[in-house]
Amino acid sequence: MTFLLNDMQTLSPIGFQPFVAPEIEIVDEGQCDIFARESLLDAAFGPARFDKTAQRLRDGRLPAPGLALAAKAAGALVGTLRLWPVDAGGVQALLLGPLAVAKTCRSRGIGRKLMAEGLFRAFAAGHKAILLVGDAPYYEPFGFARRHTLGLALPGPVDEARFLGLELETGALTNASGLVKAAGAFDFSAHRVETEFLYAA
Ligand SMILES: CC(C)(COP(=O)(O)OP(=O)(O)OC[C@H]1O[C@@H](n2cnc3c(N)ncnc32)[C@H](O)[C@@H]1OP(=O)(O)O)[C@@H](O)C(=O)NCCC(=O)NCCS
């Protein structure tokens, strides 16, 4: 993927306009954001979110450094996006998701703003490819396409049409073949244990 430096001194994917929701700040997620983030994700996806195949690649892992993002309005968390290290059939890549925006704040460009920041940060950190499971009509404008994941399999059932990839470096996923595996650092935080306990009960 090629990025352009535009007059707002921000890199953005060609053909994509991230300068929306100017009142929204995209920042690194902090410890104090975790409760609000989990509440937002519960409201967006419900408890079934823990059953998703993509979750198997996040269980017990930490997001990639610098790639846990929070969208904030006047200090309140209104959106979340994280990206996770994975081994994509021998190719180092990121798994994007979950992406969610508070129901009361949707269709103001916050999702696009989170995506633009996440893609820029991933590119700037030297990552070469990103995978996700999501709705193609939302993610295709960012460059995600099914053709990049044809040689890959996920560790569970998935609607294959929703398994998409993005090459931040041209050809990065050309030889990606086989099972996608978790590759992030392990998460030993108490928060996670608490969350799992709650949902197991
Ligand atoms: C998807 C989501 C993050 C978008 O956040 P957002 O801040 O509303 O996104 P934006 O304002 O940047 O874009 C809104 C546009 O995306 C469209 N859109 C939202 N969800 C979509 C989806 N699943 N598929 C296709 N288009 C979608 C909206 O209709 C809207 O279109 P419009 O601008 O023509 O009205 C938000 O709707 C959400 O949290 N959904 C529930 C969680 C979810 O499904 N996340 C994963 C998406 S696969």
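Test A36 against the stated conditions and say whether it is modelled with pLDDT of 95 or more and surrounded by 10 or more Cβ atoms within 10 Å (Cβ to Cβ). Criteria met by A36.
Inspection of the stretch 146-159 identifies no residue that is of a type in the set (S, T, N, Q) and either open to solvent by 30 Å² or more (accessible area, probe 1.4 Å) or under 14 Å from the mean Cα position of the chain (by Cα) (or both).
Go over the candidates L77, L83, L154, L94 one by one and state the one that is touching a residue at least 12 places away in the same chain (Cβ under 8 Å), within 13 Å of the ligand (Cβ to nearest atom) and under 22 Å from F50 (Cα atoms).
Numbers: L83 fails: within 13 Å of the ligand (Cβ to nearest atom); L154 fails: within 13 Å of the ligand (Cβ to nearest atom); L94 fails: within 13 Å of the ligand (Cβ to nearest atom).
Only one candidate qualifies: L77.
Among what's in the stretch 111-141 and is in contact (Cβ under 8 Å) with a residue 60 or more places away in the chain and over 14 Å from the mean Cα position of the chain (by Cα), pick the residue that is nearest to the ligand (Cβ to nearest atom). Only one residue tops the list, namely P141.
Contact annotation: residue pairs with Cβ atoms under 6 Å, 6 or more positions apart or on different chains, pairing a residue in the stretch 30-47 that is more than 11 Å from the ligand (Cβ to nearest atom) with a partner that is open to solvent by less than 60 Å² (accessible area, probe 1.4 Å) and modelled with pLDDT under 95, are I34/H191.
Quick check, is G90 out of contact with any strand residue (DSSP E or B) (no Cβ under 8 Å at 6 or more places or on another chain) and open to solvent by 20 Å² or more (accessible area, probe 1.4 Å)? No: the conditions fail for G90. Between V27, V20, the distinction of being part of a strand (DSSP E or B) and at pLDDT 50 or above belongs to V27 only.
The values are calculated or read from the model by the stated rules, or taken from the named source; none is laboratory data. Please read all numbers here as calculations on a predicted model, not as lab measurements. We place every Cβ from the backbone using ideal geometry, glycine too, and count neighbours over all the protein chains shown. Side chains included, ligands, DNA and RNA excluded: accessible areas come from the protein's heavy atoms. Shrake-Rupley method; radii C 1.70, N 1.55, O 1.52, S 1.80 Å.
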